[in-house]
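In what follows, a structure is listed as structure tokens, so that the remarks can point back to it.
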Amino acid sequence: MKISGSNQFNIQKFKALLSYWVIHNSQHTKGVEEWLSRFEKLNNDYITKKLRNVIHLFKEITKEYESIKIKIGSIENVHLEKEPQQKDTLISKSKELPNIFEFKQIGVIHTPYKDKAPFQPIKSDKGEFRIVVNPEYTNGLSKLDTFQYIYVIYYIHRITRKVRNIIAPSWTGGTEVGLFASRSPVRPNLIGISIVPIKSIVKNTIFTSGLDVFDDTPLLDIKPYIKDLDSKCDANYGWIENLDGYEHLLLHIKGIPHDY
């Protein structure tokens, strides 16, 4: 089977979409399962029966997606159509990385935040904050509890706003900066990073505090925060230092409660 370079790109894009659909469908399934448990307590047979049917359908859809992913893998190694006048260009492009990458959800983050979350982790926030890694990665948490802090890397799945190169952070009073000079969550790749303390680890669950993400956020990775290696004593506040009253703004950025 032969496909053109543009179609090869489309296949890679389709693979990425399949992975997203699997994750998205799994999130819907978990949401319906939560509502099912609530209606089971109310002994509402009609609704519980319908919700079980929905869950079954979601799981069947996920199976179909997974089977398509396997089939797509069998045509990944196809040969591109060769056009003599573009031979050198094709060889050069074959060495380039694809511009769509596939990431795998390794767990889910649970927080009290359903509709509104803080801009930064607030250590003193009330409620339960836990990171549940998929069971197959449980052994990967071995000795992680010897560290005090961790990096939590996640997919910011509820962003719907358009990405802009120049933005004005809401707390700056209209000051415009480049997107990459900001901590805005609206980015070309919706990847978030938070540093939070470890309270305890029980099996495949990490209990922490003040994670600044919505409930049911997909988890991408976890890394230990290491003293000296990850703390730069000569770091500064960049353009923030030039804002009027930036000491006050820092309280907002850090999530520190204050009365003025």
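The values are calculated or read from the model by the stated rules, or taken from the named source; none is laboratory data. Please read these numbers as outputs of a predicted model, since none were measured by experiment. Using ideal geometry, Cβ is built from the backbone for each residue, glycine included, and neighbour counts are taken over all protein chains shown.
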Q. Does region 163-170 contain any residue that is charged (D, E, K, R), farther than 22 Å from residue 102 by Cα and touching a helix residue (DSSP H, G or I) at 6+ places or on another chain (Cβ under 7 Å)?
A. yes
Q) Identify, please: which residue in region 155-167 is surrounded by 14 or more Cβ atoms within 10 Å (Cβ to Cβ) and among the hydrophobic types (A, V, I, L, M, F, W, C) and is, among those, nearest to residue 219 (Cα to Cα)? A) 156
Q) So which pairs qualify, if the first residue must be in region 103-115 and among the aromatic types (Phe, Trp, Tyr), the second must be surrounded by fewer than 20 Cβ atoms within 10 Å (Cβ to Cβ), the Cβ gap must be under 7 Å, and the two must be at least 6 apart or on different chains? A) 103/220; 113/214; 113/215
Q: May I ask you to list the residues in region 180-205 that are within 21 Å of residue 136 (Cβ to Cβ) and outside any strand (DSSP E or B)?
A: 203, 204
Q: Output the number of residues of region 192-218 satisfying the condition of being closer than 18 Å to residue 104 by Cβ and modelled with pLDDT of 95 or more.
A: 1
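Would you be able to tell me the number of residues in region 148-205 that are without any contact (Cβ under 8 Å) to a residue 60 or more places away in the chain and polar (S, T, N, Q)?
Qualifying residue count for the region: 7.
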Q) Right, residue 184: polar (S, T, N, Q), over 12 Å from the mean Cα position of the chain (by Cα) and exposed (fewer than 14 other Cβ atoms within 10 Å of the Cβ) or not? A) no
(Q) So in region 139-154, with the set limited to residues that are surrounded by 14 or more Cβ atoms within 10 Å (Cβ to Cβ) and among the β-branched types (Val, Ile, Thr), which one is farthest from residue 101 (Cα to Cα)? (A) 150
Q | Scope region 168-179; condition assigned to a strand (DSSP E or B) and either surrounded by 14 or more Cβ atoms within 10 Å (Cβ to Cβ) or within 21 Å of the chain's Cα centre (by Cα) (or both); matching residues | A | 177
Q: Name every residue in region 206-236 that is more than 29 Å from residue 20 (Cα to Cα) and either assigned to a strand (DSSP E or B) or charged (D, E, K, R) (or both), in order of residue number.
A: 227, 228, 230, 232, 234
